[in-house]
1. On average, how much accessible surface per residue is there in the chain, in Å², for a 1.4 Å probe, leaving out ligands, DNA and RNA?
2. Compute the distance from the alpha-carbon center of the stretch 37-95 to that of the stretch 1-34, in whole Å.
3. Counting other C-beta atoms within 10 Å, and keeping those with at most 16, which DSSP coil GluC sites (Glu not before Pro) do you find in the stretch 1-59?
4. Over the stretch 1-104, with every protein chain in place, what whole percent of the accessible area is carbon and sulfur at 1.4 Å, could you tell me?
5. Step through the table entries Lys6/Lys102; Lys40/Lys77; Lys15/Lys104; Lys59/Lys97; Lys15/Lys105, compare each Cα-Cα distance with 28 Å, and write down the pairs that go over it.
6. Against the globular-protein guess of 2.2 N^0.38 Å, express the Cα radius of gyration of the chain as a ratio, rounded to two decimals.
7. Mind checking the full-extension length gain between Arg66 and Glu32? Use 0.36 nm per residue of separation minus the Cα-Cα distance, one decimal, nm.
8. From the helices alone, meaning DSSP H stretches of at least four residues, give me the mean residue ellipticity at 222 nm for the chain, per-run term -39500 (n - 2.57), in deg cm²/dmol to the nearest 500.
Amino acid sequence: MAELTKEQLAGLKAKYGTVYTLTVPTNEDETEFATVYLRKIDRACFSSVQKIVQTDSLKAIENLIRTLYVGGDEVTKITENFDALHSAEGACLDMIKAKQEKKKKN
């Protein structure tokens, strides 16, 4: 597992703003893991993922991880491993889910 030092993580945050850590198991026993760091999603990536997710959710997650990847383990440890990619799906969907708005009656 390629965890970054505090200095490396600070450098990524300075460059990309928000950085997410995604750690998923890479084997059925959940004794081996892959960790990647992803930058915040942008509009172009969001649009691309939204188009793909309608026909193939795992392909959409793979696209999202490859596009937003900024460091950590080799991205292929997740994208080429069905179990790891499937495990990443929930966390990645949370990244693209709209934040709850706040409204009040005036």
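The values are calculated or read from the model by the stated rules, or taken from the named source; none is laboratory data. Keep in mind it's a predicted model, so treat the numbers as computed, not measured. When we count neighbours, we look across all protein chains shown, and the Cβ atoms used for this are built from the backbone with ideal geometry, even at glycine. Side chains are part of the model used for accessible areas, which takes the heavy atoms of the whole protein and leaves out ligands, DNA and RNA. Shrake-Rupley method; radii C 1.70, N 1.55, O 1.52, S 1.80 Å.
1. Numbers: 7240 Å² over 106 residues.
That works out to 68 Å² for each residue.
2. Here the two parts' Cα centres lie 14 Å apart.
3. Working: sites: Glu3, Glu7, Glu28, Glu30, Glu32; in loops: Glu3, Glu28, Glu30, Glu32.
Taking the stretch 1-59 and a limit of 16 other Cβ atoms within 10 Å, the loop GluC sites (Glu not before Pro) found are Glu3, Glu28, Glu30, Glu32.
4. Values: 3330 of 6870 Å².
The nonpolar share, carbon plus sulfur, comes to 48 percent.
5. Working: Lys6/Lys102 34 Å; Lys40/Lys77 21 Å; Lys15/Lys104 35 Å; Lys59/Lys97 17 Å; Lys15/Lys105 39 Å.
Exceeds cut-off: Lys6/Lys102; Lys15/Lys104; Lys15/Lys105.
6. Working: Rg = 15.0 Å, N = 106, 2.2 N^0.38 = 12.9 Å.
Compared with the compact-globule rule of thumb, the chain sits at 1.16.
7. Values: separation 34, 0.36 × 34 = 12.24 nm, distance 2.06 nm.
Result: 10.2 nm gained on full extension.
8. Value at 222 nm, helices only, nearest 500: -15000 deg cm²/dmol.
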